[in-house]
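The structure appears below as structure tokens.
Only the coordinates and a few stated rules stand behind these numbers; no lab work does. Because the structure is a prediction, the values reported are computed rather than measured. Please note: Cβ atoms are built from the backbone with ideal geometry, for glycine as well, and neighbour counts cover all protein chains shown.
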Amino acid sequence: MSGDLTSPDRARLRWRARRGLLENDLMITRFLDACEAQLTEAEVQALTKLFEMDDTDLLDVLLGRAELPASFDEPQIRQLVERMKSL
């Protein structure tokens, strides 16, 4: 899927990215604006799993105040989080 997200795929990904906390929305939207077109299928799956995380916990991870919980601590997810934090 690298670079091949269709319009419905993009819309679905952006819909899933909507969060209850504005800070998460801003960080995730900035990431998607910069990287969405280059995401691989594995990265989209990892991102989708990351979106299952509680909003407060996700914000703590994105701000570097907490580590990924064990159920989310996968190499692909760690890489995505680091890319989000770097933008």
| query | Which translational diffusion coefficient, to the nearest whole µm²/s, is obtained for the chain from the Stokes-Einstein equation, given a Kirkwood hydrodynamic radius over C-alpha pairs, 4 °C and 1.567 mPa s? | reply | 100 µm²/s
| For the charge dipole of the chain, defined by +1 on Lys and Arg C-beta atoms and -1 on Asp and Glu C-beta atoms about the Cα centroid, which residue among Ala34, Leu68, Thr56 has the Cα displaced farthest towards the positive pole? | Ala34
| query | When only Cα pairs under 8 Å and 6 or more residues apart are kept, what is the percent relative contact order across the chain? | reply | 36 percent
| query | What size of dipole, in debye to the nearest 20, comes out for the stretch 4-68 about its Cα centre when the only charges are +1 on Lys and Arg C-beta atoms and -1 on Asp and Glu C-beta atoms? | reply | 220 debye
| How high is the FRET efficiency from Glu82 to Leu22, r the C-beta distance, R0 25 Å, rounded to 0.05? | 0.70
